[in-house]
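The values are calculated or read from the model by the stated rules, or taken from the named source; none is laboratory data. Everything quoted here is computed from the prediction, not taken from an experiment. Neighbour counts are summed over all protein chains in view; Cβ atoms, including those assigned to glycine, are modelled from backbone coordinates with ideal geometry.
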Amino acid sequence: GAVVSQHPSWVICKSGTSVKIECRSLDFQATTMFWYRQFPKQSLMLMATSNEGSKATYEQGVEKDKFLINHASLTLSTLTVTSAHPEDSSFYICSASGPVEFTEAFFGQGTRLTVV
Amino acid sequence: AQSVAQPEDQVNVAEGNPLTVKCTYSVSGNPYLFWYVQYPNRGLQFLLKYITGDNLVKGSYGFEAEFNKSQTSFHLKKPSALVSDSALYFCAVTSWDTGGFKTIFGAGTRLFVKA
């Protein structure tokens, strides 16, 4: 299947700083990318959907000014957690889908964010 | 609104026995249904999908799932479980709306296979 690379795999940052997470589709063009957040022992919560070249669509309750999403190219989307706080600590996962025919989404390996 | 339910938080099965992980869904229109598996601190791995066609779908690692439209179910099955199948399993449904397509996930079911 197609490969989606997410970087970094884990990050520890100080409270008040910003963290950027990258999601790359390595061997296909991803017109749509999704960002999820997963709390311990819970399911994935869709945070936002991003389409290449347009603004992301955020799910209800997700602060768009806190979680900045950029999808500047067909192979890269970034999630920036701004002014991070300990409650932002979580596992963040991206997924990407190609444009031609709808298929399953391909997931990155996830990023474990710990804010101290 | 679309929804996915996985009624069991955990399923325990002995190695070599058949396993079933349950999933029911609610969606307007024709559903696209998926099963994914997640290992600790990892992203999700695709197992199988139902888009159209035969109700019995075969996927990776010997897993299969049966789409039942009348019962709105898409249960995951495997004839003979392995210890290495122990993981967290997610059922997902995708549907289209005016904003495009959206995938939502069930709460997940943790599978324990005992040797």
Can you tell me how many residues in the range A:80-97 are over 14 Å from residue A:12 (Cβ atoms), part of a strand (DSSP E or B) and away from chain B (no Cβ under 14 Å)?
1
Residues that are more than 22 Å from residue A:92 (Cα to Cα) and of a type in the set (Phe, Trp, Tyr): does the range B:26-38 have at least one?
yes
Among strands (runs of 3 or more DSSP E) lying entirely in chain B, which contain 1 or more residues that are within 16 Å of the chain's Cα centre (by Cα) and within 11 Å of another protein chain (Cβ to nearest Cβ)?
B:3-5, B:10-14, B:32-38, B:44-50, B:87-97, B:100-105, B:109-114
Tell me yes or no: at least one residue of the range A:94-109 is in contact (Cβ under 8 Å) with a residue 12 or more places away in the chain, surrounded by fewer than 19 Cβ atoms within 10 Å (Cβ to Cβ) and either charged (D, E, K, R) or farther than 26 Å from residue B:106 by Cα (or both).
no
Does at least one position in the range A:37-56 carry a residue that is of a type in the set (A, V, I, L, M, F, W, C), in a loop (DSSP other than H, G, I, E, B) and in contact (Cβ under 8 Å) with a residue 24 or more places away in the chain?
yes
Given the structure, is residue A:60 of a type in the set (S, T, N, Q), in a loop (DSSP other than H, G, I, E, B), closer than 19 Å to residue B:46 by Cα and out of contact with any helix residue (DSSP H, G or I) (no Cβ under 7 Å at 6 or more places or on another chain)?
no
Residues of the range A:73-93 being of a type in the set (Val, Ile, Thr) and either in contact with a Leu (Cβ under 6 Å, 6 or more places away or on another chain) or surrounded by fewer than 20 Cβ atoms within 10 Å (Cβ to Cβ) (or both), in sequence order, are A:75, A:78, A:80, A:82
Take the residues in the range B:59-89 that are within 18 Å of residue B:8 (Cα to Cα) and among the hydroxyl-bearing types (Ser, Thr, Tyr), then tell me which one is surrounded by the most Cβ atoms within 10 Å (Cβ to Cβ).
B:89
Which residue out of A:107, A:102 is within 14 Å of chain B (Cβ to nearest Cβ), over 21 Å from residue A:11 (Cβ atoms) and modelled with pLDDT under 90?
A:102
Residue B:95 being at pLDDT 90 or above and polar (S, T, N, Q):
no
